[in-house]
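One structure coming up, written as structure tokens, with questions to follow.
The values are calculated or read from the model by the stated rules, or taken from the named source; none is laboratory data. Keep in mind it's a predicted model, so treat the numbers as computed, not measured. Cβ atoms come from the backbone with ideal geometry, glycine included; neighbour counts cover every protein chain shown.
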Amino acid sequence: MSDFHRQESAPSDRVREKAREKVREKARDKLIARLKSAGIRDPRVLDAMAATPRDFFVDDVMRHRSYEDRALPIGFGQTISQPLIVALMTEALMVKKPRRVLEIGTGSGYQTAILARLIDLVFSVERIEALAIVAEQRMTALGLTNVQLRHGDGHLGWRFEGPFDGIIVTAGADEIPEALMNQLSDGGRLVIPVGEGDVKELKVLDRIGDAWQQSTIEYVRFVPLKEGVQ
């Protein structure tokens, strides 16, 4: 290829990239408007979601659907959660203004990245090693240095880093793992989809000494919270 053609291709590439970025910005703005209309009110959560490029957390074949308000496959039988549910769970967690949060189910790292923009320290456990490795690479690429990732069994939490001000579980559990309850600090909050069957109750549990106060904020579907690692 001649020097002339090499010089001409670069500006053309930049134009195409700028056009793609405008499309992404428009899609992000539309998603944030959708979240607001659905009842998400916390400006911190909305800003964090607007600043987090969801297209960065899906495979190339799914990029055109990145900003749809729906769950998308990420491989290994797992999904990146619906943005509205991510916002709802994050907003519920932020009520307590936690500084140290444990996430169970790193997955693509999308929820992790949003938490990292809001919280001092985020600890995240993922049972599928391949997903944990890619998620860690994404945190590095985004410059999010306040996240610690671990390949492990989410049912066990992360005992040596606890207790935590907040715990968020991004998979559906049949019952609440006792280890997670034990790792929540007094005054802390646990957000978890729990219950029998495919449809779970999205529960919020607040620890008050040895007592627990709980409520259900939504009914949701999640991939199951499984024991062990792979």
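Would you check which residues across the stretch 107-152 are among the hydroxyl-bearing types (Ser, Thr, Tyr) and within 12 Å of the chain's Cα centre (by Cα) and list them?
So in the stretch 107-152, the residues among the hydroxyl-bearing types (Ser, Thr, Tyr) come out as 108, 110, 112, 124, 140, 145.
Selection gives Ser108, Tyr110, Thr112, Ser124.
While we're on this one: Take the residues in the stretch 169-212 that are among the β-branched types (Val, Ile, Thr) and under 18 Å from the mean Cα position of the chain (by Cα), then tell me which one is farthest from Arg99 (Cα to Cα).
Val194
I would also like to ask the following. I'm trying to understand the selection: among the residues of the stretch 164-212, which are at positive phi and touching a strand residue (DSSP E or B) at 6+ places or on another chain (Cβ under 8 Å)?
Gly187, Gly195, Gly209
Further question on the same structure: Filter the stretch 26-43 down to the residues that are surrounded by 15 or more Cβ atoms within 10 Å (Cβ to Cβ) and among the hydrophobic types (A, V, I, L, M, F, W, C), then identify the one that is farthest from the chain's Cα centre (by Cα).
Within the stretch 26-43, the match that is farthest from the chain's Cα centre (by Cα) is Ala27.
Looking for whichever is of a type in the set (Gly, Ala, Ser), modelled with pLDDT under 95 and part of a helix (DSSP H, G or I) here; the options are Ala33, Ala48, Ala19, Ala92. Which one fits?
Matching residue, one of Ala33, Ala48, Ala19, Ala92: Ala19.
Being buried (at least 22 other Cβ atoms within 10 Å of the Cβ) and part of a strand (DSSP E or B) is the filter here; which residues of the stretch 153-187 pass it?
Selection gives Phe164, Gly166, Ile167, Ile168, Val169, Gly172, Leu184.
Among the residues of the stretch 188-221, what is the count of those that are modelled with pLDDT of 95 or more, basic (Lys, Arg) and under 19 Å from Ala87 (Cα atoms)?
3
Find all pairs meeting these conditions: Cβ atoms under 7 angstrom apart; at least six residues apart or on different chains; first residue within the stretch 127-138 and free of Cβ contacts under 8 Å to residues at least 60 places away in the same chain; second residue in a helix (DSSP H, G or I) and surrounded by 13 or more Cβ atoms within 10 Å (Cβ to Cβ).
Ala135/Thr112
Only residues in the stretch 199-214 that are surrounded by 13 or more Cβ atoms within 10 Å (Cβ to Cβ) count as the first member; pair them with residues that are of a type outside the set (A, V, I, L, M, F, W, C) and not in a strand (DSSP E or B), Cβ under 6 angstrom, at least 6 apart or cross-chain, and list the lot.
Glu201/Gly195
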